[in-house]
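Okay, so here's the structure we're looking at.
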2 protein chains.
Amino acid sequence: MPKKRIECEKLRAKVMSAEAAAKLITSGSAVGMSGFTGSGYPKAVPLALAARIDKEHAAGNPFRLRVWTGASTGPELDGALARSDGIEFRLPYNSDPIAREKINRGEMEYFDMHLSQVAPMAWQGFLGPLDTAVIELSGIRPDGSLIPSSSVGNNKTWLDRASRVILEVNRWQNPALEGMHDIYYGTALPPDRVPIPLVHPDDRIGEPYFRCDPDKIVAIVETDAPDRNLPFAPPDQNAGAIAGHLLEFFHHEVAKGRLPASLLPLQSGVGNIANAVLGALIDGPFENMTAYTEVIQDGMIDLMKAGKLRMASATAFSLSPEAARGLNANMEQFRDRMILRPQEISNHPELIRRLGCVAMNGLIEADIYGAVNSTHIMGSRIHNGIGGSGDFARNAYVSIFMTPSTAKGGKISAIVPQASHVDHITQDVQVLVTEQGLADLRGLSPKQRAELIIAKCAHPDYRPALADYYRRARQTSYGQQSPSLPGEALYYRRARQTSYGQQSPSLPGEALSWHQRFIETGTMRI
Amino acid sequence: MPKKRIECEKLRAKVMSAEAAAKLITSGSAVGMSGFTGSGYPKAVPLALAARIDKEHAAGNPFRLRVWTGASTGPELDGALARSDGIEFRLPYNSDPIAREKINRGEMEYFDMHLSQVAPMAWQGFLGPLDTAVIELSGIRPDGSLIPSSSVGNNKTWLDRASRVILEVNRWQNPALEGMHDIYYGTALPPDRVPIPLVHPDDRIGEPYFRCDPDKIVAIVETDAPDRNLPFAPPDQNAGAIAGHLLEFFHHEVAKGRLPASLLPLQSGVGNIANAVLGALIDGPFENMTAYTEVIQDGMIDLMKAGKLRMASATAFSLSPEAARGLNANMEQFRDRMILRPQEISNHPELIRRLGCVAMNGLIEADIYGAVNSTHIMGSRIHNGIGGSGDFARNAYVSIFMTPSTAKGGKISAIVPQASHVDHITQDVQVLVTEQGLADLRGLSPKQRAELIIAKCAHPDYRPALADYYRRARQTSYGQQSPSLPGEALYYRRARQTSYGQQSPSLPGEALSWHQRFIETGTMRI
C-alpha cells in the first residue's frame, strides 16, 4: 500500500481544489512559485489561476501578477499565465515560448537575474513584499516538515518570506526523493553572514526538509502530474567536435598539472552540446569526477551509470522523459550520490570559487575579444536569460563557453566584431570552443585573444571578414595615425580622450553592422 | 637613535646597489613587482633596470620583460620601464601615462584583470613561471620575516612563487606600519580550499609579516624615497551634487530598514567624487561605520578623524601628499584602526558578499540600460583598467556607480544609447548617480531602467536625443511590426531569431553612432 503523501493530520484539513486555492491569490500581488528548469513547479494552481484570470479579463476586470520562481518552469505555469496575460512582471528567468513572445513584444516586464542573487535580494526587501508562495512538494511529514520535490530553487526563501503559503503535493514525484535534499538554514543578511561550511561537493550542511509555519499554510492541493521533461536532440557532428576539442583540453591541463586527474567539480549547462561533452567524458580517462552545478541532466546520469561521476550536487533535475523514467526506476541506486540544494547555495560565488568549478556554458554570440552575449538575439530580443552562467563564469577555476560557429544554416556567425549585448565580460571568458577549434584565452591581452579567436573559433566563411575588420580597426586607430612617439611631456599630459586606441581596436561605425545586416536582410553574409 | 631597518644579520650580507640587483634580471623573464595605487612599489631597482635596458637597446640587444604588479605603481616603475620600451606584457592594472600610450599605440600587451584573481591565477600556472620578485618592504626582522610597506597587493604570492627575490627596504616608510598588516596564509588551490575565516572587516586572520625562504633572496637594496602621492582635485559642484544624491539614498535605505544605521562596510574608488562622498559622510548621521575596500584614501582618514569611521580594511594607501604627511605624523593614533591585507583577500568575492559591502565606483560611460564601461574610451582606448570594480560590483550588497553626466566640456555624454565596451553588466549596476540625479535600478526590467536612467541621470542637453533613440528602438522592434498576436502554435515554434525584440530595444545600426561621431567630429553632439 503506497504511503500517504500528506502525513500531517492537522495539515490534511487544508486540502482543497486548485480552483479554491487559486481564489486566494489577489490581482496585483507578488507570487513566489517553485520550479527550476521544468522541474518541481506547481502544476494545478497556476492553471486554475489562469482560468480565473481569463474570466476576470472577460468581465473587464484587470488581473495581473508579479511572478517569481527559481528559474524556468513549465507550460502549465509560465505558458498558461502568459497566455492569459496574467503576468505583469517576471523574475528571475524564463524559457517559456509564450512568455518569451510577450516579453519581446513589450507586453511583460522581465528582470533577468543572476540566479544566486534572487534569494538574498528578496531578503534585502527592495523587490517588494512577497504575498503568496505556491510550492510543489513530494510530501508532508507527520511533524509538518515539507519534503521537497524535483527542484529546490528558491523554495526555502519563498516559504520564509511569503505572507501566505499554498502547497501542491505531487504524487507523480518519486517518494525516494526524500532525503536527497540539503536545505541550508544558515544564510542571513549582513552584517550577520558567516562562512558557508561546505568544502566538498558532497558535503551536507543542512536539513532534508523545508520548515514552514503551519499557520501560514492556507491551502494544500493534491496533484499527480509529470514534470515538463523535454527530449534532447541527439548530439550532432558539431557537438561531437566541440566535445572532442574540450576533452583534448582537459587531457592537456591534467598533463600540465593544472587540473587534477579527476578534474574539478563540473558545472554544465543543458542542451545537446553539454550532453555531448558529458557523453564524451564516459570514454575519457577521468575517474572519480564530481559535479557542482545547477541541474542534473541526462549526461550526468549516464556518467554516474558508467562509474565515472562519483556524485552530483545541483538545485534541480532537467531530464528527458527517457532519463526520468530510468532514474525513477532506479532511484535507490542514485539517491545517495545526488544532492539537491537551494539555488542560493548551488550557485553561490563563495562556493563556486572555493570548489574551483570547471564551468561549461553555451552562448548566443562572442566577439573577437571574447565578450559573450548569452541572452539577447541581435542585442534586443531576449532568448532565455543569464541564469546561473554569470555566477559560474566569474568564479570558476576555468570558465569555458561553447557554441557552434554559425547558426541558422550559416546565416549567423557566432563570432562577431562586437557583441550586440554583453553578459560575460572578456575577463570571465577563458576558453572559447566551437566545432572549428578551441581558443585558450587565459593570460592573454585583448589583441592576442582576437587573433586566436578568429583563427581557432570562427567559421571559415566568416573568418576573412572578421580578420579584415580587425586589421582595419588596428590600422585606423590612434597609434597608426601618429607613428612617431611625441616627447615625454605629452605622455604625462591628461590622456587624449579624443583619440581611440589599440588596446581593443574597434570601429564603432561598423562594429554592429553584422547585426544590422541580419535584421535587414536575414543574413550576416555580405 | 633610529632602529635599523634590516635587523637580520644574515640578510644584511645581501645588501647591494640597485644597479647590481638589476643585473640579476634577464631579458624575457617575468618579474613580479610590489605596488598598488602608487604605494609600496620598488623605487630603485626598476630605475636601474630601465637604465640597463636603455644601454642594451642602444647596443642593439633586445631586452623586454613581462611585468606583474598589484595594481598601478609609480613613474619610477611603469613610467621608466615603458619609456625604455622594456615591457612586452603587463598585468593586472596600469594607470601610468607613458605605459598607457604604449598600450594604446599597440606597442605593449596589457592583460587587464579582476584584481582578486591575480594571485589564484598565478598559482594556477597558466600565466607562466615567475622568475623574479622585486618587493618593497619597510623593514626586515631579526628572524628574517619581512615587514610589509604601504601596500600589500600580490606580494605574498610573488614572494612564494618567484624563483629569486630582490627586496627594497625603504627607510621613507613609517616604521609604525609594523603590525598593521594581516597576511593570510590559508589560501590554496582547489580541491584544498577552505572557508576564509573573516566575518567582520576588523577581523585579523593572518600574520603581520611575509614569510620568505632566505635562500631565494638574491639582493637587498636600501632606499629612502617617497611613494607617488598625487594631490586630489578639490570636489567641484558636480561631485558635491553626486554626494548629496547618494547621502539622500543612504538616508532613505536606513529609514526603510534596508541598511543598518551604521550602513555596511564601504568600498570606495579613488578620485574627487569618491572623496566628496566620503566628505559628505562626515556631516551625515551615520556613526560607527567601517570600510572594506581596496585603498585607504584621504576621505577615509578624514572620516576616522571625525570619529565616524571605526576602522578601514584595504590592501594599500592612496593618499595626497598632505594626507600622507598627516598620517605619518599621527600613525600611532590610526594604526590600530587600519588593516592592510593581500588584494586576494581585500577583493575576495567570498568576503565582499559575506560582509555585504556598499560598493561605490566611477565609470567612463553607462548606457540607457545601465551597462557600464569602466575602461575603454570610445570602446578601444584603455584608460586604466577594471581593477577591483568587478570584484565589488558583482558581490556588493548594493552596487553604486557614479559619474558626472558629461565629460570634455559637454562634448561627451556619460549616458549613451549603448556602451562601447562593457565591464559591468546591467545586473551588476544597481544604482547610477550623476549630478543630475540618482536612479535606483534594483528590481527593474531593462525598459524600466532605461526610462529612469534617461530621466534621472542624463544631462538635459543629451536627454532628448536619448529619449528619441529609445522611442525609435521601441517603435521599430518586432512587437510593433506584428501588432496582433498570432496563433498559439506560433509561440511554441522555435523562437523567430530573425526578429529582434523589446526586452532591451536597440538599433544596432545607430547604437554606437555617438562614439563614431565623437571620433570624427570631436563631439557627441549632432
### Message
Can you give me the distance in nm between label points at B:Asp143 and A:Arg12, each placed 7 Å from the Cα along the Cα-to-Cβ direction?
### Response
6.9 nm
### Task
Mind checking which aspartates and glutamates have their Cα closer than 16 Å to the Cα of B:Lys14? Skip sequence neighbours fewer than 8 apart in that chain.
B:Glu136, B:Asp143, B:Glu168, B:Asp213, B:Asp215, B:Glu222
### Summary
Pairs over 24 Å Cα to Cα, from A:Lys447/B:Lys411; A:Lys447/B:Lys43; B:Lys3/B:Lys43, come to A:Lys447/B:Lys411; A:Lys447/B:Lys43
### Task
Over the whole of B:106-119, what's the average partner chain Cβ count within 10 Å per residue? Rounded to a whole number, please.
4
### Query
B:Pro234: net charge of surrounding residues, Cβ under 12 Å, Lys/Arg +1, Asp/Glu -1, itself excluded?
-3
### Query
From the cross-link list A:Lys156/A:Lys216; A:Lys23/A:Lys216; A:Lys10/A:Lys156, which pairs have alpha carbons spaced over 18 Å apart?
A:Lys10/A:Lys156
#### Entry: Relative contact order of chain A, defined on C-alpha pairs under 8 angstrom at six or more residues apart (%)
13 percent
### Task
Mind giving me the FRET efficiency for B:Lys4 and A:Leu189? R0 is 45 Å, r the Cβ-Cβ distance, nearest 0.05 is fine.
0.35
### Query
How large is ³J(HN,Hα), in whole Hz, for each residue of region B:512-523 in order, when computed from phi with the Karplus curve 6.51 cos²θ - 1.76 cosθ + 1.60 and θ = phi - 60°, using x for Gly and Pro?
10, 5, 5, 5, 4, 5, 4, 5, 7, 10, x, 8
### Summary
Of A:Leu278, B:Leu438, ordered by accessible area with the largest first and a 1.4 Å probe, the sequence is B:Leu438, A:Leu278
### Summary
Residues meeting the amide H criterion for B:Glu168 (H placed from the backbone, H to H distance under 5 Å, 5 or more places apart or on another chain) are B:Ile135, B:Glu136, B:Leu137, B:Val221
### Query
Once amide H atoms are placed 1.01 Å from N in the peptide plane, what residues at a sequence separation of 5 or more from B:Gly388, or on another chain, have their amide H within under 5 Å of its amide H?
B:Leu115
### Task
Would you kindly derive the ³J(HN,Hα) couplings of region B:72-85 from the backbone phi angles with the Karplus curve 6.51 cos²θ - 1.76 cosθ + 1.60 (θ = phi - 60°), listing them in order in whole Hz, with x for Gly and Pro?
6, 10, x, x, 6, 10, 4, x, 5, 5, 5, 4, 7, 6
### Summary
Quotient of Cα radius of gyration and Kirkwood radius for chain A, i.e. Rg/Rh, equals 1.01
### Message
Using a 10 Å cut-off around each Cβ of peptide A:373-386, what is the average number of partner chain Cβ atoms that fall inside?
### Response
6
### Query
Between region B:81-160 and region A:207-231, what's the alpha-carbon centroid distance in Å?
54 Å
### Query
Roughly how many Å² of B:Tyr292 are accessible to a 1.4 Å probe, to the nearest 10?
0 Å²
### Length-normalised contact order of region A:178-266 in % [C-alpha pairs under 8 Å, at least 6 apart]
22 percent
### Task
Using a cut-off of under 18 Å, list every residue of region B:167-204 whose amide N is near the label point 7 Å from the Cα of B:Glu332 along the Cα-to-beta-carbon line.
B:174-180
### Summary
For B:Asp213, the accessible surface traced by a 1.4 Å probe with all protein chains present amounts, in square angstrom to the nearest 10, to 80 Å²
### Query
In straight Cα distance, which aspartates and glutamates are under 18 Å from A:Lys456, not counting same-chain residues fewer than 8 positions off?
A:Glu248, A:Glu365, A:Asp367, A:Glu435, A:Asp440, A:Asp468
### Task
Just reorder B:Lys308, B:Lys4, B:Lys14 by solvent-accessible area, largest first, 1.4 Å probe, all chains present.
B:Lys4, B:Lys14, B:Lys308
#### Entry: Largest-first principal axis extents of the Cα set of region A:262-392 (Å)
46, 33, 31
## Note on the structure
Quick tally, 1.4 Å probe accessible area for B:Cys357, A:Cys212, sorted with the most first, runs A:Cys212, B:Cys357
### Using θ = phi - 60° and Karplus 6.51 cos²θ - 1.76 cosθ + 1.60, couplings along region A:160-169 (whole Hz; Gly, Pro as x)
6, 8, 6, 6, 9, 10, 10, 10, 10, 9
### Task
Mind running the shape call on region B:344-434? Use the C-alpha gyration tensor, a ≥ b ≥ c as the square roots of the eigenvalues: rounded below 1.5 for a/c, prolate if a/b tops b/c, oblate otherwise.
prolate
### Task
Between the alpha-carbon centers of region A:1-73 and region B:284-313, tell me the distance in whole angstrom.
49 Å
### Summary
Plugging the Cβ-Cβ distance of B:Ala306 and B:Ala20 into 1/(1 + (r/R0)^6) at R0 = 41 Å yields, to the nearest 0.05, a FRET efficiency of 0.30
### Summary
Restricting to Cα pairs under 8 Å and 6 or more apart, the percent relative contact order of region B:354-476 works out to 28 percent
### Message
Can you divide the C-alpha Rg of region A:289-332 by 2.2 N^0.38 Å and report the result to two decimal places?
### Response
1.05
### Principal semi-axes in Å for the protein assembly as shown [√(5λ), Cα gyration tensor, largest first]
47, 32, 29
### Query
For peptide A:72-85, how many partner chain Cβ atoms fall within 10 Å of a residue's Cβ, on average?
1
### Task
Could you work out how far apart the two model spin labels at B:Lys411 and A:Glu451 are, taking each label as a point 7 Å from the Cα in the direction of the beta carbon, and quote it in nm?
3.4 nm
### Query
A:Phe317's amide H: which non-local residues (gap 5+, or another chain) put their own amide H closer than 5 Å, with H modeled 1.01 Å from N in plane and none for Pro or chain starts?
A:Ile296
#### Entry: Cβ-derived FRET efficiency at R0 25 Å, A:Ser163 paired with A:Lys55, nearest 0.05
0.55
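The values are calculated or read from the model by the stated rules, or taken from the named source; none is laboratory data. Treat the numbers as computed from the prediction; the structure is a model and nothing was measured. Glycine also receives a Cβ, built like all others from the backbone with ideal geometry; neighbour counts cover every protein chain displayed. In case anyone asks, the SASA skips ligands and DNA or RNA and just uses the protein heavy atoms, side chains included. Shrake-Rupley method; radii C 1.70, N 1.55, O 1.52, S 1.80 Å.
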